[in-house]
Every structure is written in C-alpha cells, then in structure tokens.
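Chemist: Okay, handing you the structure first.
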Amino acid sequence: MKYDIAGKVLIEKCREALLTYFFGIDVAYSVVLEELPQETVSVKRSDYPLKVTDRKGISYIVILEMQSSWEPDVPLQLLEYRTRHILKLGLPAVSCVLLLRESNLARDRYEDQEVQFKYRLIRVYEWDARDILEKGITCLAPFTPLMQHGEEVLIQAEELIYYSDMSRMDKADMLTSMTILSGLVSPDLPVKLLNRRRDIMIESAAYDLIKAEGMQQGMQQGMQQGMQQGIYQSIRKLLLHGIDANEVARLLEVDIQTVMTVAQSPEKEQ
C-alpha cells in the first residue's frame with residue numbers, strides 16, 4: 001500500500017488541524033509550497049513543505065515528513081529540505097516528522113562530527129484515538145486506526161467522518177485515506193471499512209490505489225489480473241490529475257516504462 005497518497009490528501013485538506021493538534025503550532029493560515037527546482041538528479045524534495053502564518057502574524061516554513069516506517073536517512077533528508085527552503089525563502093523553519101508505525105530506532109535528533117540537528121518527532125501510535133473522537137476533530141479521524149485504542153473506536157471514527165458536514169467528496173477522500181492507513185495495522189481493517197463505505201469511497205481519486213493494491217479484487221478474489229488492471233487505472237487517473245509521470249512511478253512503485261506504456265496505450269487496455 002502506498003501511504004503517500006493518503007498523506008497528500010490529508011495534508012491538502014487537514015494540514016492546519018494536523019499542525020495544531022500534533023505539533024502545537026497555532027496556525028492562522030498555511031499553504032503548500034511548490035517543489036524546489038531540481039537542478040541535479042541528486043536533489044531530493046520534501047514530501048510536504050508548507051508556509052505557515054501563526055496567529056501572531058509570524059510566518060515561517062514547516063518541513064513536514066509523514067513516514068509510514070522509520071528510515072535511517074530521514075534526519076539528513078529533513079536537514080537538506082530545511083536548508084534548501086531557508087535559502088530560497090529567507091524564512092525561519094520548523095522541521096517535523098509524523099511517524100505512523102512503531103519503531104525503536106526513531107530519534108528526534110541527528111549528530112555527527114560537525115552537525116547537531118534537532119527536529120520535532122511525533123509518534124502517532126503513542127497517541128490516544130479516543131481523544132480525537134472526544135474533541136470531534138473530523139479531519140484527524142483517518143489517523144485513529146494507527147493510535148492507541150484505534151481498533152476499539154474504528155467504527156465511531158468512521159461514522160464521525162461519514163455523518164459530518166463535510167462535502168461528499170471530502171468524506172470520500174477522508175474515508176479512503178483512513179482505509180489506506182488502517183492497512184498499517186491489520187489487513188482486515190481495510191476490508192472492513194471498504195465493505196461499509198465502498199459506495200462513497202469510489203468517488204475519491206485515491207480509491208483507485210486500493211484497487212491497484214488488490215484490496216478489492218486481490219484480497220477478495222486473489223486475482224493478479226485484477227491487481228494489474230487496478231494499477232493501470234491508478235496510473236491513468238493520476239496522469240489525468242496532472243501528476244508528473246516520474247512522480248506517478250514513485251507513488252505506485254512501478255517503473256517509469258510501465259507508466260509511459262499505459263500513458264500511450266488505448267483506454268481499453270485497462
């Protein structure tokens with residue numbers, strides 16, 4: 001399962017609630033920054049660089065990494081992103097990591113012979129899902145399966161979204177993101193959520209990703225053909241949404257040649 005798409009959906013729609021709740025940033029306004037120009041093939045980008053203005057009128061950059069699993073090079077990548085955006089915008093920066101899956105290796109600082117770098121690390125799995133429900137933070141309900149007591153309140157969290165005053169499209173995106181993230185906990189949870197709310201999830205752009213991973217066809221029927229068709233459909237839909245072919249390949253973990261083949265092939269090949 002590619003959790004990047006769920007992360008992108010939640011950052012686009014719920015970044016201010018996320019920054020306020022998990023990182024204690026008093027956000028008045030925020031915007032997702034454009035990627036930096038890729039001057040060389042070695043230049044990496046931040047998953048979610050944000051420009052934030054707090055309620056005191058102070059503006060700064062938030063470099064937000066959402067990691068499904070801890071990777072050793074996260075601190076150095078974060079430091080690289082931070083430096084590049086400071087140089088580009090001339091604003092102070094806050095570096096944040098949102099870690100979704102438990103890891104004993106995760107650290108909130110990096111040190112070597114020359115550098116000492118401390119950043120904010122939030123271990124989502126240590127937070128209590130019941131608090132999200134008690135406070136009625138609908139935007140953060142997709143994270144509840146990953147949290148303490150998450151499985152216990154899964155249906156309540158799903159209903160918080162479903163019966164909210166969000167638009168139908170936003171509900172579809174939130175429920176689909178929740179389904180994707182729940183796969184980090186158990187393969188049974190996504191199936192449970194799909195069976196309850198497939199009718200609205202199919203309206204989300206992220207829904208094709210579920211089909212691509214076989215959660216609809218593959219899990220239920222064990223059909224490799226269904227999984228392949230789902231991947232082709234996901235590639236087509238992401239390309240139609242204007243996402244670059246290289247980015248599509250990265251998100252779906254397929255080679256660029258597959259993306260280009262699908263892009264150039266007739267629609268019937270789905």
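Condition check ((1) among the β-branched types (Val, Ile, Thr); (2) in the same structural domain as Ile11 (by TED's automatic domain parsing); (3) without any contact (Cβ under 8 Å) to a residue 40 or more places away in the chain; (4) not in a strand (DSSP E or B)) across all residues:
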residue: Arg82; (1), (2), (3), (4): no, yes, yes, yes
residue: Leu87; (1), (2), (3), (4): no, yes, yes, yes
residue: Val94; (1), (2), (3), (4): yes, yes, no, no
residue: Ala106; (1), (2), (3), (4): no, yes, yes, yes
residue: Phe117; (1), (2), (3), (4): no, yes, no, no
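Chemist: Take Thr138 and decide whether it is surrounded by 14 or more Cβ atoms within 10 Å (Cβ to Cβ), in contact (Cβ under 8 Å) with a residue 60 or more places away in the chain and not assigned by TED's automatic domain parsing to the domain that holds Lys51.
Modeler: no
Chemist: Follow-up. Kindly evaluate Glu152 against the criterion of being assigned by TED's automatic domain parsing to the domain that holds Glu12 and not β-branched (Val, Ile, Thr).
Modeler: No.
Chemist: Could you list, in sequence order, all residues of segment 81-107 that are closer than 16 Å to Met66 by Cα and surrounded by 15 or more Cβ atoms within 10 Å (Cβ to Cβ)?
Modeler: Tyr81, Arg82, Val94, Ser95, Cys96, Val97, Leu98, Leu99, Leu100, Arg101, Ala106, Arg107
Chemist: Is it true that Ile200 is of a type outside the set (D, E, K, R), out of contact with any strand residue (DSSP E or B) (no Cβ under 7 Å at 6 or more places or on another chain), crowded, with 17+ Cβ neighbours inside 10 Å and at pLDDT below 85?
Modeler: For Ile200, the condition - of a type outside the set (D, E, K, R), out of contact with any strand residue (DSSP E or B) (no Cβ under 7 Å at 6 or more places or on another chain), crowded, with 17+ Cβ neighbours inside 10 Å and at pLDDT below 85 - is not met.
Chemist: If Ser182 satisfies every condition in (1) polar (S, T, N, Q); (2) surrounded by 15 or more Cβ atoms within 10 Å (Cβ to Cβ); (3) modelled with pLDDT under 80 but one, which is the exception?
Modeler: Result: Ser182 passes all but (3).
Chemist: Among the residues of segment 46-80, count how many are touching a residue at least 40 places away in the same chain (Cβ under 8 Å) and acidic (Asp, Glu).
Modeler: Number of matching residues: 1.
The values are calculated or read from the model by the stated rules, or taken from the named source; none is laboratory data. None of the values given here were measured: they were computed from a predicted structure. Here Cβ is always computed from backbone atoms with ideal geometry, including for glycine, and neighbour counts include all displayed protein chains.
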